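The values are calculated or read from the model by the stated rules, or taken from the named source; none is laboratory data. What you are looking at is a predicted structure, and each value in this text was computed from that prediction instead of being measured. Here the Cβ positions follow ideal geometry from the backbone for every residue, glycine too, while neighbour counts run over all protein chains shown. To get the accessible areas, we keep the full protein, side chains included, count just its heavy atoms, and leave off ligands, DNA and RNA. Shrake-Rupley method; radii C 1.70, N 1.55, O 1.52, S 1.80 Å.
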Amino acid sequence: MEDKEEIVMLLKHLLRATRAGADIEQMELGDDGEKIQITFGNQCVRNVNIACDSGIAMIMDVVRTFG
């Protein structure tokens, strides 16, 4: 079983190292484990649906929101 919380934490650090993700203030797994909430420096919030996703599918869904 993949640790979704660890994947989110590591992905946040990777994205913050890029221009596209440099403004990320917070990125966390929702209580239900079916969404990731990304908060930016300007307080905008983006929710990414990760219901039924594998670890790699989670990463791909989040990265697509920046493209």
Taking region 26-67, which residues are open to solvent by less than 90 Å² (accessible area, probe 1.4 Å), under 22 Å from residue 3 (Cβ atoms), part of a loop (DSSP other than H, G, I, E, B) and free of Cβ contacts under 8 Å to residues at least 24 places away in the same chain? 30, 51, 53
Filter pass, residue 2 being without any contact (Cβ under 8 Å) to a residue 12 or more places away in the chain and not in a strand (DSSP E or B): no
Determine, yes or no, whether residue 23 is of a type in the set (Asp, Glu), farther than 13 Å from residue 55 by Cα, at pLDDT 95 or above and open to solvent by 60 Å² or more (accessible area, probe 1.4 Å). yes
